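Participant: Sending over a structure as structure tokens; questions will come in a sec.
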Amino acid sequence: MRRLLAALALLAAGSIAGPAAPARASSTFAIGGLGEPQLEETARIRAMGGAGAAEHGPREISYVNPASLADVDHFLLEGTVLPEYRRVSAPGLSTETVRGTTFPSARAIIALPLRLVLGASYVAGTDATFHAERAESTGALARLQVDGTGGMNFLRVTLARRITPSFRLGADYEVIAGSFRESWLRTFSAAGLAPARDSVVIRYPKKSRFRFGAQVVNRAWSAGAAFETSQSLPLDLTRSTVGAQVVRDDGRLRLPTGFALGLSAPVRGRIRAVAQYRRANWGPSSLTSDLVTFRAQQRFSLGLERRRGDDEGTSFKGRLPLRAGVYYLQWPDLLPVAGAADIHGGTAGVNEVGVTLGAGIVTKDKGGSLDLSLEAGSRGNESDLGLSERFLRLGISVLVSDETWKGSLRR
């Protein structure tokens, strides 16, 4: 596992020196297959800082809390795409621009008899994509290029039910999938020296875990909570070089327990406020390594929404829902400080701060919607980690529904 983590530790420790180019990455701080924490929510909830645990309604649903599906009364299809723009900065190096697109989630939901709701979804849990370049000398001048792809994905089945008019329950059964691949290419300046290639592949076995959720609704007020169980993943590592391949067991990664707590409250008129605290209990025992250790992952979210106006004579502007929010995300990764070879020389965490805005439109028959969100923020610290990022993310979510399911199955 240390070999796998070494490439990105070079970035986090600020060891890109001399004439080397800065790191380019989906995340310059992504660490060996665990990668950047992903927010799976749709653009509507992202625009409110990511606070979704208390969301409820026929379409106002969240990925964080399975109980939020309980009010769905027809058939829904929903998907989100997330284009992103980043600026990566490091002391003594030119600022670099990175562009990319991810697909954080997609889902299908259907209402069933007995007031049950069934959902199936794909969720991107982490994104471990990166690209790094550096100059080095190992007896001959060379340029090292390291590329990583993959991350953790979750395939999820959700079952929810409204128990009473004010109480909802739900459960997720999710299968952990995905893998991580790291490729090394070393090219030499001296003529006659052939490029050297090396690769490392880590696969996560397909194991499952559960998430349980509940909501309490009282008129315009609502509160929600969710709890997710832990799972231990044995890591299968395959290392390949020219003419050789080694396969071995490389320890275990433990996905920790976690929970989310959320609240939605009216402010005045069509305006409401939302808040959420979400935590995953990562710790030093999650993965043994000299190049990374872990702390709890925490996300604090606050948001406001002006609901869509439906009264006769309301202008187009008045019919648009408007959203705004802020969030603070504490990554689980604790990395070596700039200049340290490993975590024994000191560690620093990646903290992310963002502001969010958004709006949406609904079709005349209310059978579909388009939601947009814009996130702007920064993360990392040049003095501690040797790198920092600023970013913009545009969230685009599309929802379509078939109302005929409501009449045939919920009669």
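Readers should treat all values here as calculations from the given coordinates under stated rules, not as data from a laboratory. The structure presented is a predicted model; accordingly, all values stated were derived computationally and were not measured. We place every Cβ from the backbone using ideal geometry, glycine too, and count neighbours over all the protein chains shown.
Participant: Relative contact order (percent) for the chain, with alpha-carbon contacts under 8 angstrom and 6 or more residues of separation? Mind dumping the intermediate values first?
Facilitator: On the way: 1281 pairs, mean separation 79.9, N = 411.
Across the chain, relative contact order equals 19 percent.
Participant: Next up: Determine, from the Cβ-Cβ distance of R254 and L185 and an R0 of 30 Å, the FRET efficiency 1/(1 + (r/R0)^6), rounded to the nearest 0.05. Intermediate results must be reported in sequence, preceding the final value.
Facilitator: Numbers: r = 32 Å, r/R0 = 1.08.
Plugging the Cβ-Cβ distance into 1/(1 + (r/R0)^6) gives 0.40.
Participant: Sort R268, R143, R99, R107 so that the residue with the fewest other Cβ atoms within 10 Å of its own Cβ comes first and the one with the most comes last. Intermediate results must be reported in sequence, preceding the final value.
Facilitator: Values: R268 6, R143 17, R99 9, R107 22.
Fewest to most other Cβ atoms nearby, the residues stand as R268, R99, R143, R107.
Participant: Fewest to most neighbouring Cβ within 10 Å: what's the order for Y63, Y173?
Facilitator: On the way: Y63 28, Y173 14.
Exposure proxy ranking, most exposed first: Y173, Y63.
Participant: Work through the residues other than W282 whose Cβ is under 11 Å from its Cβ and net out their charges, Lys, Arg +1 and Asp, Glu -1. Show your work: numbers first, answer last.
Facilitator: Values: positive: R254, R279, R295; negative: D333.
Around W282, the charge tally is +2.
Participant: Where does helix 2-12 land angle-wise versus the long Cα axis of the chain, in degrees 0 to 90, nearest 10?
Facilitator: It works out to around 80 degrees.
Participant: Just to be sure I understand the model, the point goes 7 Å from the Cα along the line to the Cβ. What's the resulting A120 to D342 distance in nm?
Facilitator: 4.6 nm
Participant: Would you mind ranking R323, R134, R307 so that the residue whose beta carbon has the fewest other beta carbons within 10 Å leads the list?
Facilitator: On the way: R323 25, R134 21, R307 14.
Arranged by neighbour count, lowest to highest, R323, R134, R307 become R307, R134, R323.
Participant: When Lys and Arg each count +1 and Asp and Glu each count -1, what net charge do the other residues less than 9 Å away from R390, Cβ to Cβ, add up to? The partial results should precede the final answer.
Facilitator: Values: positive: R86, R87, R379; negative: E389.
Taking every Cβ under 9 Å from that of R390, the sum is +2.
Participant: How big is the charge dipole of the chain about its Cα centre, in debye rounded to the nearest 20, if each Lys and Arg gets +1 on its Cβ and each Asp and Glu gets -1 on its Cβ? Kindly include the intermediate steps, with their values, before the conclusion.
Facilitator: Working: 51 positive and 38 negative charges, 209 e Å.
In total the dipole reaches around 1000 debye.
Participant: As I understand it, the dipole of the range 203-339 uses +1 on the Cβ of Lys and Arg and -1 on the Cβ of Asp and Glu, about the Cα centre. Which of L287, G258, P336 lies farthest toward its positive end?
Facilitator: Farthest towards the positive end: G258.
Participant: Whole-Hz ³J(HN,Hα) for each residue in the range 104-115, computed from phi via Karplus 6.51 cos²θ - 1.76 cosθ + 1.60 with θ = phi - 60°, x for glycine and proline: what do you get?
Facilitator: Here the 3J(HN,Hα) series is x, 6, 8, 7, 10, 9, 9, 7, 10, x, 6, 6 Hz.
Participant: Can you give the direction-averaged projected area of the convex hull of the alpha-carbon atoms in the range 250-359, in nm²? Present the calculation step by step, with values, prior to reporting the outcome.
Facilitator: Values: hull surface 39.0 nm².
Over all viewing directions, the range 250-359 projects a mean Cα-hull area of 9.8 nm².
Participant: So, one more: Multiplying the sequence separation of A140 and A324 by 0.36 nm and subtracting their Cα-Cα distance, what value in nm do you get?
Facilitator: Stretched fully, the A140-A324 segment lengthens by 60.8 nm.
Participant: Okay, moving on. Simple spin-label model, 7 Å along Cα-to-Cβ: W221 to T363 in nm?
Facilitator: The two pseudo-label positions are separated by 3.7 nm.
Participant: With each run of n ≥ 4 DSSP H residues scored as -39500 (n - 2.57), what mean residue ellipticity at 222 nm is computed for the chain after dividing by its residue count and rounding to the nearest 500 deg cm²/dmol?
Facilitator: Working: 5 runs with 29 residues, N = 411.
Roughly -1500 deg cm²/dmol at 222 nm, from the helical runs in the chain.
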